[in-house]
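K.L.:
Structure below; questions to follow.
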């Protein structure tokens, strides 16, 4: 965080990292010593620090362990902007989104229904 934002005070960086589950001694470790999931948490912390209006996420839970996915869900819940996410991770989708969209017939439209209904619709489209 401090390399990405040199003007940042140490405590500000640690506070922001803490929102993504990187706290205490973990926040002081060099990045190369962290696990893949922990590195992802740091990446999301860096990404959201400037308070962008919109995050575009393509399969953000790929290669994350369940703890890292939970940290991502918590981080997205705290995020004040919009999020456009493409994902096949049902747990992530059901835990974060308030609107599903469906690509069908060359168009993208809101899908009014549950994720289970969405999956059922996809199954009927394949047959």
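K.L.:
Please find the FRET efficiency linking residue 11 to residue 95, where r is the Cβ-Cβ separation and R0 is fixed at 22 Å, and quote it to the nearest 0.05.
P.N.:
Efficiency at R0 = 22 Å is approximately 0.15.
K.L.:
Can you give the angle from 0 to 90° between the axis of helix 66-78 and the longest principal axis of the chain, with both taken from C-alpha atoms, to the nearest 10?
P.N.:
In the chain, helix 66-78 runs at an angle near 90 degrees to the longest axis.
K.L.:
What do you get for the angle between helix 115-126 and the principal long axis of the chain? Use alpha-carbon atoms, 0 to 90 degrees, nearest ten.
P.N.:
That works out to roughly 50 degrees.
K.L.:
Moving to a separate point now. What number, rounded to the nearest 500 deg cm²/dmol, is the helix-based mean residue ellipticity at 222 nm of the chain, given -39500 (n - 2.57) per DSSP H run of at least four residues and division by all its residues?
P.N.:
For the chain, the value works out to -13000 deg cm²/dmol.
K.L.:
Moving on to the next point. Given just the C-alpha atoms of segment 10-96, how large is their convex hull per residue in cubic angstrom?
P.N.:
Dividing the Cα hull volume of segment 10-96 by its residues yields 89 Å³.
K.L.:
Another one. Rounded to the nearest 0.05, what FRET efficiency do residue 123 and residue 43 have when you use their Cβ-Cβ distance and R0 = 35 Å?
P.N.:
0.55
K.L.:
Another question, then. If one takes the longest principal axis of the Cα atoms in the chain, at what angle in degrees, from 0 to 90 and to the nearest 10, does the Cα axis of helix 36-49 lie?
P.N.:
Once rounded, one gets 90 degrees.
K.L.:
In the chain, what % of DSSP beta bridges are antiparallel (nearest 5)?
P.N.:
DSSP beta bridges in the chain are roughly 50 percent antiparallel.
K.L.:
Right, here's the next one. Would you mind calculating the gained length between residue 35 and residue 56 on full extension (0.36 nm times residue separation, minus the Cα-Cα distance), in nm to one decimal?
P.N.:
5.2 nm
Since every read-out is calculated from the coordinates, none of them should be taken as a lab result. Since the structure is predicted, the reported quantities are computational estimates derived from the model, not experimental observations. All Cβ positions, glycine included, derive from the backbone under ideal geometry; neighbour counts span all protein chains shown.
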